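Undergrad: Encoded as structure tokens, here's the structure I'll be asking about.
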Amino acid sequence: MADSKSKKKNDKELSYSELVAKRDELKKKYMDFRFKMVISHVDNPMQKRTMRREIARLNTFIRQKELAGENQ
């Protein structure tokens, strides 16, 4: 639980372009994971939910930066 709180703080401190890059990378991993779930067995199916929530969290931080005018 402590790891997720520190991760949130680290994500919040990233710049706009870093947040977008991280989100795009995570989206790719999420799509690969979904494909893997369809094709074969995965060890931890709950990872899908965790990844989806992390993408949503990054989207929130990106939107906050956009509203603050920091999206250069």
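The values are calculated or read from the model by the stated rules, or taken from the named source; none is laboratory data. Source: prediction; values computed, not measured. For neighbour counting, all protein chains shown are included, and Cβ atoms are generated from backbone atoms with ideal geometry for every residue, glycine included. Areas reflect the complete protein model, heavy atoms only, side chains present, ligands, DNA and RNA absent. Shrake-Rupley method; radii C 1.70, N 1.55, O 1.52, S 1.80 Å.
Undergrad: Restricting to segment 13-30, what's the tally of residues that are open to solvent by 100 Å² or more (accessible area, probe 1.4 Å) and over 12 Å from the mean Cα position of the chain (by Cα)? Step through it out loud before you land on a result.
TA: At the first step, the residues of segment 13-30 found to be open to solvent by 100 Å² or more (accessible area, probe 1.4 Å) are 13, 25, 28-29.
Filter once more, so that each one left must be over 12 Å from the mean Cα position of the chain (by Cα): 13.
Residues that pass the stated criteria total 1.
Undergrad: Consider only pairs whose beta carbons are under 8 Å apart and that are at least six residues apart or on different chains; among these, list those whose first residue lies in segment 18-40 and is more than 19 Å from ASN59 (Cα to Cα) and whose second residue is of a type in the set (Lys, Arg) and part of a helix (DSSP H, G or I).
TA: Going by the 8 Å Cβ cut-off, the qualifying pairs are PHE33/LYS48; ARG34/LYS48; MET37/LYS48.
Undergrad: Mind listing just one residue for me: the one in segment 43-72 that is surrounded by 14 or more Cβ atoms within 10 Å (Cβ to Cβ) and of a type in the set (Val, Ile, Thr) and, of those, farthest from LYS12 (Cα to Cα)?
TA: Checking each candidate, the answer is ILE55.
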